[in-house]
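Trainee: Attaching a single structure in structure tokens format; questions to follow.
The values are calculated or read from the model by the stated rules, or taken from the named source; none is laboratory data. Everything numeric here is computed off the predicted structure, so don't read it as measured data. Here the Cβ positions follow ideal geometry from the backbone for every residue, glycine too, while neighbour counts run over all protein chains shown.
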Amino acid sequence: MKVGLLTGGGDCPGLNAVIRAVVQRIHNEGGSCIGLLEGWRGLVKGASMPLDVHETDGIIARGGTILGSSRTNPFKNPDTDVPAVKANFASMGLDALVAIGGDDTLGVAYRLHRDHGMPMVGVPKTIDNDLMVTDFTFGFDTAINIVVEAVDRLRTTTESHRRVMVVETMGRHAGWIACFSGIATAADYILVPEVPIDVDHVVEVLKRRRAEGKNYGIVLVSEGAEFPDQGSVTIEAETDAFGHVRLGGIGNALAKMIEDRTGYETRSVVLGHLQRGGPPSAYDRVLATRLGLAAAELVVKQRFGTMVALSGTKIIETTLAEGVAATKKLDMEYYRQAQTFFR
Ligand code: F6P
């Protein structure tokens, strides 16, 4: 049995832990693994690297992905790239492919399985935690811990200067990162894509807090949060191979509004790719390992077109179709609880 692995889309801490787990489990079965380089580009171009148990054993602690990643979409040029994917898969002698990615990468795996009968198993990953079926994705825990550490540091300088600090987080069109890190840092206000921004209310809360004696303020805003009837704030209009724009800039826009309306000196910080960097947390290493082992198990059982997921505390099998059906928005129960503190 020869199994290919690839990591596509935005990287996230924990990818290497999945690779290590799949390689070990397939090795135990007497099989071998190779890594396709830079996501689907590796299969389009036929670029790969060997993966063996000894070399992958220590990578659990490394962030990023040893395979590299890209946002290559073979269905962007289906007439040339999809046949290339199939030809390279065959010439590499692969029996199965484990695709580790978010909705874009797994969406490609789904179509290659559904329309071309290719043997695919998916492993969900993203710091955004916005994938269906799986309760939490690895990478998310590490990301929110990075945000929490950053906000704890920002708090001391913000307080010293009696300022307001607007902290912009990643998360695309789901508010998981902003909401969880906002709760964990006792932010004065949390803004998420699921709820239109009410600037009047943000200002009212910040002013009330000052009047009550808290002489600084922290606002967490997700990059995808929007003002009513306006689209997302973007860095550039250009889209990637999957049609996504680059989000960014809402924190700065909001900081200006807050300063204008309150008179409080206000600064903004975009945490950006810091949230995806560095070693995975212990929780993410364990989750990624469990998902990797379960995905390899599905390969061994030849259960293709499937995806592994976390349901409660259990690792379950689901289908790629279900996994990519929609974006998993923030569970509003978390947000409603957070709102208790900024009503
Ligand atoms: O999907 C993960 C993510 O980090 C998003 O939170 C963010 O909007 C995007 O990727 C950034 O992508 P890039 O690395 O291409 O700038």
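Trainee: Hey, can you tell me all the residues within region 22-34 that are buried (at least 24 other Cβ atoms within 10 Å of the Cβ) and of a type outside the set (Val, Ile, Thr)?
Mentor: Result: Cys33, single match.
Trainee: Now for a different question. Is region 167-177 home to any residue that is within 23 Å of Ile19 (Cα to Cα), in contact (Cβ under 8 Å) with a residue 40 or more places away in the chain and within 15 Å of the ligand (Cβ to nearest atom)?
Mentor: No - not one qualifying residue is present in region 167-177.
Trainee: Going through Met92, Met120 one at a time, which residue ends up being surrounded by 22 or more Cβ atoms within 10 Å (Cβ to Cβ) and either out of contact with any Cys (no Cβ under 7 Å at 6 or more places or on another chain) or acidic (Asp, Glu) (or both)?
Mentor: Met120
Trainee: Which of the residues that make up region 189-207 are outside any loop (DSSP other than H, G, I, E, B) and either touching a helix residue (DSSP H, G or I) at 6+ places or on another chain (Cβ under 9 Å) or within 15 Å of Val166 (Cβ to Cβ) (or both)?
Mentor: Tyr189, Ile190, Leu191, Val199, Asp200, His201, Val202, Val203, Val205, Leu206, Lys207, listed by residue number.
Trainee: If you don't mind, there's one more thing I want to ask. Give the residue that is farthest from the ligand (Cβ to nearest atom), with candidates limited to residues of region 200-212 that are of a type outside the set (D, E, K, R) and within 19 Å of Glu265 (Cβ to Cβ).
Mentor: That would be Ala211.
Trainee: Under 6 Å by Cβ, and 6 or more places apart or on different chains, what pairs join a residue from region 248-269 that is more than 24 Å from Ala174 (Cβ to Cβ) and more than 16 Å from the ligand (Cβ to nearest atom) with one that is acidic (Asp, Glu) and at pLDDT 95 or above?
Mentor: Once the first residue is more than 24 Å from Ala174 (Cβ to Cβ) and more than 16 Å from the ligand (Cβ to nearest atom) and sits in region 248-269, its partners that are acidic (Asp, Glu) and at pLDDT 95 or above give Thr266/Glu259.
Trainee: Scan region 127-151 and report the pairs whose first residue is buried (at least 24 other Cβ atoms within 10 Å of the Cβ) and whose second residue is assigned to a loop (DSSP other than H, G, I, E, B) and aromatic (Phe, Trp, Tyr), with Cβ atoms within less than 8 Å and a gap of 6+ or a chain change.
Mentor: Matching pairs, first to second residue: Asn129/Phe136.
Trainee: Next question. Take the conditions among the β-branched types (Val, Ile, Thr) and within 16 Å of the ligand (Cβ to nearest atom) and apply them to Ile316. Does it pass?
Mentor: Here the answer is no, as Ile316 does not meet what is asked.
The rows are residues; the columns are (1) under 18 Å from the mean Cα position of the chain (by Cα); (2) among the hydrophobic types (A, V, I, L, M, F, W, C); (3) assigned by TED's automatic domain parsing to the domain that holds Leu131; (4) closer than 30 Å to Asn145 by Cα.
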position: Cys12; (1), (2), (3), (4): yes, yes, yes, yes
position: Ser32; (1), (2), (3), (4): no, no, yes, no
position: Met49; (1), (2), (3), (4): no, yes, yes, no
position: Ala84; (1), (2), (3), (4): no, yes, yes, no
position: Ala96; (1), (2), (3), (4): no, yes, yes, no
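Trainee: Oh, and also: For region 151-168, which positions are assigned to a helix (DSSP H, G or I) and of a type in the set (Asp, Glu)?
Mentor: Selection gives Asp152, Glu159.
Trainee: Looking at (1) buried (at least 17 other Cβ atoms within 10 Å of the Cβ); (2) modelled with pLDDT of 95 or more, which is the one condition that is false for Val233?
Mentor: (2)
This table checks each residue for (1) among the polar types (S, T, N, Q); (2) surrounded by 15 or more Cβ atoms within 10 Å (Cβ to Cβ); (3) within 12 Å of the ligand (Cβ to nearest atom); (4) within 20 Å of the chain's Cα centre (by Cα).
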residue: Asp188; (1), (2), (3), (4): no, yes, no, no
residue: Pro193; (1), (2), (3), (4): no, yes, yes, yes
residue: Asp198; (1), (2), (3), (4): no, no, no, no
residue: Lys214; (1), (2), (3), (4): no, no, no, no
residue: Ile218; (1), (2), (3), (4): no, yes, no, no
residue: Gly224; (1), (2), (3), (4): no, yes, yes, yes
residue: Phe227; (1), (2), (3), (4): no, yes, no, no
residue: Ala241; (1), (2), (3), (4): no, yes, yes, yes
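Trainee: Can I ask one more? Only one of these is charged (D, E, K, R) and under 18 Å from Thr126 (Cα atoms): Arg210, Arg246. Name it.
Mentor: Arg246
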